[in-house]
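*Asks:* Dropping a structure here in structure tokens format, bear with me for questions.
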Amino acid sequence: MRNNRKLTLKQTADTITSSSYLAKIEEGNYPPRPHVLQALERKFEVHPGFLTNYEQRDEDAEYILRLLLSNIVLHPDKAKEVIEVIEENYFEYLSPISLEATYLCLKCAYYYKINDTKNAIDLYEEYIINYIDETELRSYPKLVRESFNYMMALKTFSENMIKESTYYMEMFVDSVEQGAMKAAVIYNIALLYGELNLHSKAIQFGLKAKFMFEYTKKYESLLCKTNNLLGAQHLYVEQYEEALQYLKQAELTAQKYEYNHLLADIFYNKGLIYKYLEDYDNAVFYLEKSSSIDIEECRTSIWETYYSLMQIYLTTKQDAHAENLFAMISKKDGFDSYYIIYFVEFILQFNKDEEYIDKLFSAIDIYENSNQHDELIEVYKTLGDHHFQEGNYKQSSLYYQKTIQATKKINFEGGF
């Protein structure tokens, strides 16, 4: 506190005690007398007992750090308020150093949670890698280990290192006690397994999270997300009836509480199911409902919905609908190389303008650099088919080889 207030030993000790005695207190050589600590509390203008009841203060600090961790997991919008309280009332007094390390990990996790990657990286590189040696993590207090593992799970996820993120998230969940936070973490693990295309594992963890959310009878939005997740995972393993049952539960909750952004995802998944069942009328109905919400909410996921609609129009030979859809979306803001890749088949079939072909190849570069293999496989296959039909067999062979390589890579990374 003296250093933070830029006071010398003499200025601080004035009217209280000698500067030499104060120096010995600071160095830990002398136990401070109670009346000296009380006088210092008045001088520093902190509440009575702040210096004498330090054990209680450490307990308070640990409590508020646990509150911060819980909010980052369950209520990211409220976490900022807790951080402000810590910054104003606790941060400069966090002691021992394990509490400071915990706070820095949690603040870094918060930045990753709200996608403020720059601040997260700065904090990690400037402080955390110097505070914590991961090889000695087992020797750290429990709260430090929890905070570090959760922060690393978010960090590696932001870097698209899904396997590593799953590892840290499972390390974190082992230390979390029963309750809504544990359910939320298990839900996140289910999401990660879904990203790894390990759908049976995703369903296994998703069912655990669903049971826990139903038991607590709280956090309806997370229960809704879990049912939607289970619907999506059953969709991927072609268990369409089970998928529709979970999506129906999710839809009822989303409508009851007006979770519009979740409704868009639920309608999108239902649209996909009906598309795979070749019930194209229902598929278009739900995909259009999803896109209307996406437009209202300005969500980027709308491009995936448009892509599915385009596939249906091409499959059912509705060329006029396909051309109208492409004309509409090509005029939208954000229709750049990143999203044009969704419309490869249409461009090659109907719109072979040099401008769109150039955008298509730059889109492929983007997906190659970001390791998004699912999209690449479909694009390579489409380009291979296109060049084959055009009689350009050398180019066709090149893209079919790329298809095989991308398929092998995703199967290897998914652990199949």
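*Asks:* Calculate, axis by axis, the spread of Cα positions in the chain along the three principal axes, and write the results as whole Å, longest axis first.
*Replies:* Principal-axis extents of the chain (Cα, largest first): 94, 46, 40 Å.
*Asks:* Separate question: Each label point is 7 Å from the Cα along the Cα-to-Cβ direction; what then is the distance between the points at residue 60 and residue 133, in nm?
*Replies:* Distance between label points: 3.4 nm.
*Asks:* Within the chain, what whole-number % of the accessible surface is contributed by carbon and sulfur, with the 1.4 Å probe and all protein chains included in the calculation?
*Replies:* Taking all protein chains in place, the chain shows 49 percent carbon and sulfur surface.
*Asks:* Please arrange 364, 16 by accessible surface area, largest first, computed with a 1.4 Å probe and ligands excluded. Present the calculation step by step, with values, prior to reporting the outcome.
*Replies:* Working: 364 10, 16 40 Å².
From most accessible down to least: 16, 364.
*Asks:* Based on the Cβ-Cβ distance of residue 368 and residue 5, what FRET efficiency does E = 1/(1 + (r/R0)^6) give at R0 = 45 Å, to the nearest 0.05?
*Replies:* Working from the Cβ atoms, E equals 0.25.
*Asks:* Taking the chain as the reference, fit the longest principal axis to its C-alpha atoms, fit the long axis of helix 220-236 to the helix C-alpha atoms, and give the angle between the two in degrees, 0 to 90, nearest 10.
*Replies:* Once rounded, one gets 40 degrees.
*Asks:* OK, next. Excluding ligands, DNA and RNA, what is the solvent-accessible area per residue of the chain at a probe of 1.4 Å, expressed in Å²?
*Replies:* Computed with neighbouring chains in place, this is 54 Å² per residue.
*Asks:* Excluding ligands and nucleic acids, what accessible area in Å² is computed for residue 353 using a 1.4 Å probe, to the nearest 10?
*Replies:* Residue 353 exposes around 80 Å² with every protein chain in place.
*Asks:* I've got another one for you. As a test of the formula, what do you get for the chain when each DSSP H run with n ≥ 4 contributes -39,500 (n - 2.57) and the sum is divided by the residue count, at 222 nm and rounded to the nearest 500 deg cm²/dmol?
*Replies:* -24000 deg cm²/dmol
*Asks:* Suppose accessible area is computed on protein heavy atoms with a 1.4 Å probe; arrange 296, 195, 251 from highest to lowest.
*Replies:* Greatest to least solvent exposure: 296, 195, 251.
*Asks:* With a 1.4 Å probe and all protein chains kept in place, how much accessible area does residue 185 have, in Å² rounded to the nearest 10?
*Replies:* Looks like 0 Å² after rounding.
*Asks:* Could I have the simple spin-label model distance between residue 118 and residue 174, label points 7 Å from Cα toward Cβ, reported in nm to one decimal?
*Replies:* Going by the 7 Å Cα→Cβ label model, 3.8 nm.
*Asks:* If you don't mind, another one. Can you give the accessible area of residue 244 in Å² (nearest 10), computed on protein heavy atoms with a 1.4 Å probe?
*Replies:* 40 Å²
*Asks:* On C-alpha positions alone, give me the angle between the axis of helix 260-276 and the longest principal axis of the chain, in degrees, nearest 10.
*Replies:* Here the helix axis deviates by roughly 30 degrees.
*Asks:* Provide the FRET efficiency to the nearest 0.05 for the residue 278-residue 217 pair, computing r from the beta carbons and using R0 = 45 Å.
*Replies:* Between residue 278 and residue 217 the formula returns 0.70.
*Asks:* Sorting 270, 208 by accessible area (1.4 Å probe), largest first, what list results?
*Replies:* Ranked list, largest accessible area first: 208, 270.
*Asks:* Quick one: if the Förster radius is 60 Å, what FRET efficiency do residue 252 and residue 27 give, using the C-beta to C-beta distance and rounding to 0.05?
*Replies:* Calculated transfer efficiency: 0.40.
*Asks:* Projected area of segment 157-241, taken from the Cα convex hull and averaged over every viewing direction, in nm²? It would help to have the intermediate numbers written out before the result.
*Replies:* On the way: hull surface 21.8 nm².
If you wrap the Cα atoms of segment 157-241 in a convex hull and average its projections, you get 5.4 nm².
The values are calculated or read from the model by the stated rules, or taken from the named source; none is laboratory data. Owing to the predicted nature of the structure, the values given are computational and were not obtained by experimental measurement. Counting neighbours? That spans all protein chains shown, and the Cβs are built from the backbone with ideal geometry, glycine included. Please note that ligands, DNA and RNA were not included when accessible areas were found on the heavy atoms of the full protein model with its side chains. Shrake-Rupley method; radii C 1.70, N 1.55, O 1.52, S 1.80 Å.
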